[in-house]
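What follows draws every value from the coordinates through simple rules; no lab data is involved. Predicted model, so just to flag it, every value in this text is computed and none were measured. Cβ coordinates were reconstructed from backbone atoms using ideal geometry, including for glycine residues, and neighbour counts include every protein chain displayed.
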Amino acid sequence: MTKSKAAYLYIAPMCLFFLIFTAYPVVFTIQTSFYKWNGMSANKSFIGLQNYTNVFHDGIFYIILKNFVIFGLLTIFIQMVFGLILAVMLKSKLPFSGFYKTVIFMPVVLTPTIIGYIFSRVLEYNLGTLNVFLRAVHLDFLALGWLSDTKVAIFTLIAVNIWQWTGYSMMMYMAGLSTIPEEMFEAAKIDGASNFRIFIHVLWPMLKSTHFTLSILGVIGVLKTFDIPYILTNGGPVNSTQFFSTYIYQKAFSLYDAGSASTLAVILLILAIICTIVQNHLYSRANEV
Amino acid sequence: MLRKGFKVCICVMLAIAIMASIVGCGASAGSTTTTSAVSSSDTTTATATAAPAAPVDITWQTWGYEHASMDPAIADAMASDFPNVNVKFNLVPYADHYTKLKVDLASGAGSDVFDIQDGAPATQFAEFCEPIGPLAEKAIGADWQTKFTDYALKQDAVNGAPVGLPCGIGGNGVLWVNKTLLDKYNVQPPKTLDDLKALSATFRKNGQLPFSIGAKDSWINEDVFQSIANDINSSKLYDALDGKVKWTDPDLIKALDVWQKLFTDKTAQDGALGMNMYNDTYDIFLKNMIPVIPVGLWMINNYTGNDTFKKNVADGNSYMPIRFPDVNGDGKAPGLLLGLNAIVVVNKNSTHKDEAMLFAKSLTMGKIYQKMLDILWYLPTVKDTKPQGQYDTELQSNLDLITSWLGDVAGSRQIKYPELQKAIDDQLQALAAGQSTPQKAAETIETASAAQKR
Amino acid sequence: MQNFKRSETIIKSIIFIFVCILILGPIYFMLSRSFENNVLVNYTSIFTDKDINIAVNFFNSFFVSGVSIILVVTITSLAAFAFSKLSFKGKDVIYVTLMMGMMIPTSTILLPLFRITKMMGLVNHTASLIGPYTTLMAVFCLLILKNYYDTIPNQIMEAAKIDGCSQFRTLTSIVFPLSYPALIVVIVWTFLQCWNELLLAMIFLNDKSQMTITLVPIQMFYSFVRVQQLGKMFAAFTVTVSPVVILYVFMQKYFVYGITGGAVKE
């Protein structure tokens, strides 16, 4: 590596953008979290850590944490599994595989807002396409309140998220699979291993870096998720689908409480950093094997 | 193989981007003149008179209006009365209106004129509103306040001072029924809560949707709940909102109980919590598949404005408003929940306050006001004015009905305190979802009410 | 053996067809809702409606995406080169700090971002989106580009120096062109994210003439009382989504290549 003073010039433009559009807003947000402010007034009052104590007393905060864990674990894991299964199935020559690939990946490029609007119509309890269909084939008991039942709504959001992103996992795994040399499968087969054992002992371990990439991107995506919950449920019903992003938005813009909104944002940021550190740690541990 | 295709692709995309940026710059350069009118620091407007020499552009931000009909109305009104003032009309979906306002105002920008509602928004945004008194005296006269109805003025004030000009009255406390659908099943418009319950049962039995409420929207839940509480004990409701009475009062717990029973007794439709009022529930109502919905007085405007509605009426469907049903069995319906359609405010940061005021005047008591009255967008806030359009029989009779009810007001529609409002919203939804009891809900609301700074 | 293979193929095909139905279902729904009432009116109204000039909105989206792409490619290539091939004090700390930027959800920094926009005098101007978009995308793209640059052996740097190339020329003439697979990733991903972004566009832009295409359906038909235009709304959705979908179908190779980090082999 060449030591170079000019390097600072190279990174200057990037750092400039970062300072203006990321660093300053973050500092501003951290600062605001110590004030009581309605978001527009020239008057702010310094209240120290009170916003933070209020947050920990807020029942909705714990719902948000719970949703983060459930949503995160389920979407990331299920997408990865579905994606892997689909990718493995596509390994062998299948007619129309090109068509399947195109279709399954397409939701990734669609605007999340539009997806939200479409699904909000499809999932409506009384006249939505899904329930109408289920009732028509006498599966009435399956016609749940997808968006209206507090126990179901979060899983509906998970399902819509999986709908959009499974194609992505599938493609990533196809890429990963193509890096595993054919000989490994041959060798395992010659040794008499069943397909299932090959899957567990050959495929899965060799895809470690894909697993890691998908899970890191997944966590980042979950932390940022906004469009779909906002359109489909707006945190409801009865706050059962509140996420950090939707609650922050509500606090800032419906409740005139920019201070609390900033507090939640800071907590979110800390959570994000912790997640990244933990994942990095797990990855390097796994690689040491 | 990939290399060549890639090169072409990149070249094409860059070319498009460069082309677009040239055209885009050209296209958008032309429209920066209006925004700079607000954000530049122009000091000459302090002495501007009612008819400035050079044309002045001002911006107006609001929600809800029918854009296509507003442009000519504004142009017409301004052209004849105030020829040198051009108005740029920013229509924003209601869900985003206040968000945009906040972000704009927090940075010292924002439209010259904007609309807010009475209640919490008025209190929160008051410091960005130019005190309307001096401006109004100049543009209308020293007696400007006498021109408006008393109720309008009362709703307009924050801490005793008017924040802007009242613009139309409207509200809820009513239900709209599809008379044709009711006749089909031989059901009379409901007068009591039991009637409503029976109506829903009949419709459900026939495989139809019953009385439907878009419970995902907290504003409609507030409207319905307040109407229930108004019928049981109106003064207690308003006292509780002001913190003078505890929410755990038996009358209020009864109101919460009645609210919850709407859902547990199957009076309201299934899955109500997953539907919002506009567009989900309203959409279906206009498909003539719902007999009753709790929307307010504003729906009368559909007769003059909404194509699908007009087509339904032409196809033989008839609609009518009815008072909110009697809950406590005393034979009387609860009073209306009246509030202002909007308060028209002049931005404190505006650099063209006098011109903005001229527009606000037309908007609230001049040509634009009359036009909005004629299409029944709202009801009168200026004394001795009334809608003057051509109305057919059904519309005229509905309008007469509503006008006759305007004297029977229970109180304000809007809840003034955001934190209390959120607590009420959450509890109303929790009750509807069966996740709480009236007693527990009342206690939770009371905690918020006690903590509320008033 | 043959039979087993055939039934395996059939089972797989059934599964895939089922999955495709699940995926295409909602899209079909969108199309069918756009056909209700009067199809022609629904679609043409988007173009003829006085309030909307959809061509301008498309241009705005292109403008923002295009300029953001150019900026991202430029600043990220420069930075990636430095992080990958040069050494300087504080390199690791700066890199990690930049990476943290990936985690920040837009909704948490709306207010301060808007303040900056106001300070730059770009309120309500389409260009106000470029700064935030570029920064949001740049961090992610830095990760991708730097990892790719890492795979270019350092010997190339040596060889170039021997040949008399300055550091900068090494970047522009050698390393940058070699990084094209990663650049595809950067370009495609940035384009998609900018095109589909909603929140910032919704808050920053007021004038119809400044709006990007994602705002069009929402703006037009989601007003408070003026509903019953759902057919038009879905038509607007279809029109908004079509360019990207068509682009995707014909350039699928590049999209997938771009989004999966360039590792898919044919």
Handout entry: P(r), alpha carbons of the protein assembly as shown - 20 Å bins starting at zero, rounded %
Key = 12, 42, 34, 11, 1
Completion exercise
By the mean-Cβ-within-10 Å protection proxy, highest first, B:387-400, B:316-329 rank as B:316-329, B:387-400
Handout entry: Anisotropy class of the stretch B:348-427 from Cα gyration tensor, a/c 1.5 cut
Key = oblate
Handout entry: Percent RCO, i.e. relative contact order, over the stretch A:139-271, from Cα pairs under 8 Å lying at least 6 residues apart
Key = 24
Problem - Selected from C:Y180, C:Q210, C:V241, residue furthest toward positive end of dipole (chain C; charges at beta carbon) - result: C:Y180
Handout entry: Over 29 Å between alpha carbons, listed pairs B:K205/B:K261; A:K208/C:K12; B:K383/B:K416; A:K36/B:K416; A:K151/B:K422; A:K151/C:K253
Key = A:K151/C:K253
Practice task
Neighbouring Cβ atoms within 10 Å as the yardstick, rank A:E124, B:E419 fewest first.
Solution key: B:E419, A:E124
Exercise for the section: Please report the relative contact order for chain C, taking Cα pairs under 8 Å with a sequence separation of at least 6, and give it as a percent rounded to a whole number. Expected result: 33
Practice task
With N denoting the number of residues in chain C, provide Rg(C-alpha) divided by 2.2 N^0.38 Å, to two decimal places.
Solution key: 1.26
Exercise for the section: Compute the acute angle (0 to 90°) between the alpha-carbon long axis of helix C:180-196 and the principal axis of greatest extent of the alpha-carbon atoms of chain C; round to the nearest 10°. Expected result: 30
Exercise for the section: Using a 10 Å cut-off on Cβ atoms, rank the peptides B:241-250, C:61-70, B:81-90 from the highest mean neighbour count down. Expected result: C:61-70, B:81-90, B:241-250
Handout entry: For C:D207, distant residues with modelled amide H under 5 Å away
Key = none
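What percent antiparallel are the DSSP beta bridges of the protein assembly as shown, to the nearest 5?
Once the DSSP bridges in the protein assembly as shown are tallied, antiparallel ones form about 60 percent.
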Practice task
Taking the Cα centre of the stretch B:351-392 as origin, work out the dipole magnitude from +1 charges on Lys and Arg Cβ and -1 charges on Asp and Glu Cβ, in debye rounded to 20.
Solution key: 100
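What does the average come to when, for each residue of peptide A:142-149, you count the partner chain Cβ atoms lying within 10 Å of its Cβ? Provide the component values of the computation, followed by the final result.
Working: counts 0, 2, 1, 6, 2, 6, 11, 5.
Other-chain Cβ atoms within 10 Å of each residue's Cβ, averaged: 4.
Going by how many other Cβ atoms sit within 10 Å of their own, how do B:R204, B:R413, C:R6, C:R33 line up, fewest first?
C:R6, B:R204, C:R33, B:R413
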Fill in the blank from the handout: Percent of all alpha-carbon pairs of chain A at distances over 33 Å, whole number, is 40
Handout entry: Per-residue ³J(HN,Hα) for the stretch A:220-233, Karplus 6.51 cos²θ - 1.76 cosθ + 1.60, θ = phi - 60°, Hz, x for Gly and Pro
Key = 4, x, 5, 4, 8, 4, 9, 3, 5, x, 4, 6, 6, 10
Handout entry: Debye, to nearest 20: dipole size of the stretch B:88-170, +1 on Lys, Arg Cβ, -1 on Asp, Glu Cβ
Key = 100
Problem - Number of partner chain Cβ atoms within 10 Å, mean per residue of C:75-81 - result: 5
Practice task
Please order A:W204, B:W377, B:W60 by the number of other Cβ within 10 Å, starting at the fewest.
Solution key: A:W204, B:W60, B:W377
Exercise for the section: Compute the Cα gyration tensor for the stretch B:162-258, then decide on rounded, prolate or oblate, letting a ≥ b ≥ c be the square roots of its eigenvalues: rounded whenever a/c is under 1.5, prolate when a/b is larger than b/c in the other cases, and oblate in all that remain. Expected result: oblate
Exercise for the section: Within a 10 angstrom radius of each residue's Cβ in C:16-25, how many Cβ atoms of other chains show up on average? Whole number is fine. Expected result: 6
Exercise for the section: Kindly express, to the nearest 10 degrees and within the range 0 to 90, the angle between helix B:250-264's C-alpha long axis and the longest C-alpha principal axis of chain B. Expected result: 90
Practice task
Give the distance, in whole Å, between the Cα centre of the stretch A:150-209 and the Cα centre of the stretch C:91-165.
Solution key: 32
